[in-house]
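So the structure is just underneath, and the comments pick up after that.
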Amino acid sequence: MTLTYDALLENYLNDLEASGIFAELDNPPFAQQDYAQDRKDTPVFSGVLNYFPDAIRAVAKCSKVGNDQHNPNKPLHWDRSKSGDELDALTRHLLEAGTIDTDGIRHSTKVAWRALANLQKEIENQKNL
């Protein structure tokens, strides 16, 4: 007896269903459920980008201007070897909040960039414990 493609496919799917694999997809393991819920509970777009679109654009521009200054002719990247004194630099810019730095970037933007850099390093350090 020769089975058609459709019959072979149906037998294969029936075997998969009998193995329980589809039930596992419908009810992912606990860790996957936690991960999915954690992603839903972290509203990056609606909870950050929508709240602060102009500020986020300003910080992105600050990254580009800083990269062009400290890493000319290189792709945009965070060269962590250039400066690691986030809190000191943040404070220096905080003292001039409300004004524009010589490169045309607001000091408050540089405060935000340094705060994000510091927070990123804190989170990375905690992960490495």
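Every number here is computed from the coordinates shown, using simple stated rules; none is lab data. Owing to the predicted nature of the structure, the values given are computational and were not obtained by experimental measurement. When we count neighbours, we look across all protein chains shown, and the Cβ atoms used for this are built from the backbone with ideal geometry, even at glycine.
Helix 30-40 versus the longest principal axis of the chain: what angle, 0 to 90°, nearest 10, using Cα atoms?
40 degrees
Among the lysines, which fall within straight-line cross-link reach of K64, defined as a Cα-Cα distance under 24 Å, with same-chain neighbours fewer than 8 residues apart omitted?
K74, K82, K110, K121
Give me the percent relative contact order of the chain, please, defined on Cα pairs under 8 angstrom at least 6 residues apart.
Rounded, it is 17 percent for the chain.
For helix 53-70, what angle does its Cα long axis make with the longest principal axis of the chain, in degrees from 0 to 90 and rounded to 10?
70 degrees
With labels modelled as points extended 7 Å from the Cα through the Cβ direction, what inter-label distance (nm, one decimal) is found for L8 paired with L49?
4.4 nm
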